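The values are calculated or read from the model by the stated rules, or taken from the named source; none is laboratory data. A quick note: this is a predicted structure, and the numbers were derived from the prediction, not measured. Here the Cβ positions follow ideal geometry from the backbone for every residue, glycine too, while neighbour counts run over all protein chains shown.
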Amino acid sequence: MARSAHAQATVLPAPRVPLRDAPKRAEGRRVASPAKRARLAFNLPVPLLAFVICLAVLGVGRVTLSFAVVQKNLQTDAVVRESRQLAVQNAQLQEAAASLSSSLALRNVAVQRYHLVVPSRVEYVTVPPGAARKVGVEKP
């Protein structure tokens, strides 16, 4: 049987099956590949990117400043605590000095530390005013 020349030349087109990896068309536009989509997602306008960077720098500065303030407060508290301890110690030393300034305390220190002997009998000598001139003592 002889086939016609027209029948041999006719080739039917293959059915169109969408490929999984091929980019799809949506409303006459090509949809970007996943790599391009990832690049487009981070393609922010420059002023917005600068604003975000400045905001981050300000946030870091605020945290750093707060940390410095807390450290200074701790140092101030330590100085105040030491000042109060020194005030208490100063009050104790003032009490001790006041107790040592009494004549009885001085007598006890002289006897115990310097081994002075307390006289058993005290005698007072009075000199008439004219006698002092004879010796050569002048009044101050």
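Consider the range 78-125. How many of its residues are under 41 Å from the mean Cα position of the chain (by Cα) and not in a helix (DSSP H, G or I)?
0
Results for (1) modelled with pLDDT of 95 or more; (2) farther than 30 Å from Val118 by Cβ, shown as yes or no for each residue.
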| site | (1), (2) |
| --- | --- |
| Pro18 | no, yes |
| Asp21 | no, yes |
| Glu27 | no, yes |
| Arg30 | no, yes |
| Ala35 | no, yes |
| Asp77 | yes, yes |
| Ala98 | no, no |
